[in-house]
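For reference, the structure is listed below as structure tokens.
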Amino acid sequence: MRPDATELGEARRRVEALVADLPAGRPGEHAFNEPWEIRAFAMAVAAYHNGQYEWSEFQLSLIESIRQWERSGRDPEDEPWSYYEHWLTALETVLAGSGLLSESMLDERTKSVLATPRNANHQHAHREPVAVDPPVH
Amino acid sequence: MSTHVRSQEEIAARVKALESILIEKGIMTTAAVDRLVEIYENEVGPQLGAKVVARAWTDPAFKQRLLADATKACADFGIGGLQGEDMVVVENTADIHNVIVCTLCSCYPWPVLGLPPNWYKEPAYRSRIVKEPRKVLREDFGYELSDSVEVRVWDSSSEMRYWVLPVRPAGTDALSEAELAGLVTRDSMIGVGPAASPVS
């Protein structure tokens, strides 16, 4: 049931060779704090593997998003730095550039995701154990 | 891009929306994304849950609050902020062992435990752990429970998410809270393994 560690290590080396040339933002910025960050990270790699853009295009787009944020001189107190928000912006930008995505399409879909209860079919609270295996005597 | 500062929930929804569009367009499959996520899944959480457990082991008053209202107690650590769902912590003792599952999908207390491992989402675990918990713990996780222990299986839903407060390992009286947190594994908070023992 568990993934093979060697195989995962190999896969990880391949992905890391890819991201090695990206701007790192600040030290430790590649660490993930939220599940969506990994998801966004993985999607950019998957779309690249699918041939949707050159990796250098994504790289430039990410650099540009970070640069714009830095130039804007926004107060980090009001808007905390998030490396993966820039990552997401960069991904949206390159996908829009190849005509696959429009901002309005994504805004619409996001609204419907927010309006759908998570696990719509599994909201009922279960207050007792679903199974009890008593001591064996 | 709008100047509106987006909440984590809004961004997470946007990422989900983007994924669904790209899947519809045939650009990627969920499996391909899952495969990449798997490489990194251990890096989100479960450090947060481990901190909470270590505090509960060292601070009896905190432990009482955690067991009474885990959502509120976790807020002390800045953990939570989801759509109002409740977290419930179930305590392992010498006589009772708890294990969590989501029988229908993969509801999981990710603010404390990070992303669920793939096996947690698989039908094999979801159905078997309910029918024969003792056997699954032994065969799939190499975790042998004493016959005198009662096993309770808790079904998480999106309204109520369970996680496990493992038993504090023996021989850890001299350890600091941070050292204790290092012994708390993800599996021990799912209930499919014990907390690690200190290296002596």
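Kindly indicate the residue of segment B:115-154 that is assigned to a loop (DSSP other than H, G, I, E, B) and surrounded by 16 or more Cβ atoms within 10 Å (Cβ to Cβ) and also farthest from the other protein chains (Cβ to nearest Cβ) among those meeting that condition. For segment B:115-154, the residue satisfying everything is B:143.
Selection within segment B:169-200: residues that are over 17 Å from the mean Cα position of the chain (by Cα) and under 23 Å from residue B:134 (Cβ atoms). The member of this set that is modelled with the lowest pLDDT is B:197. Within segment A:60-75, residues that are part of a helix (DSSP H, G or I) sit with their Cβ atoms under 6 Å from residues that are modelled with pLDDT of 80 or more and among the hydroxyl-bearing types (Ser, Thr, Tyr), at 6+ positions apart or across chains, in these pairs: A:61/A:93; A:65/A:89.
The values are calculated or read from the model by the stated rules, or taken from the named source; none is laboratory data. The structure presented is a predicted model; accordingly, all values stated were derived computationally and were not measured. Reconstructed Cβ throughout: ideal geometry from the backbone, glycine too, with neighbour counts over all protein chains shown.
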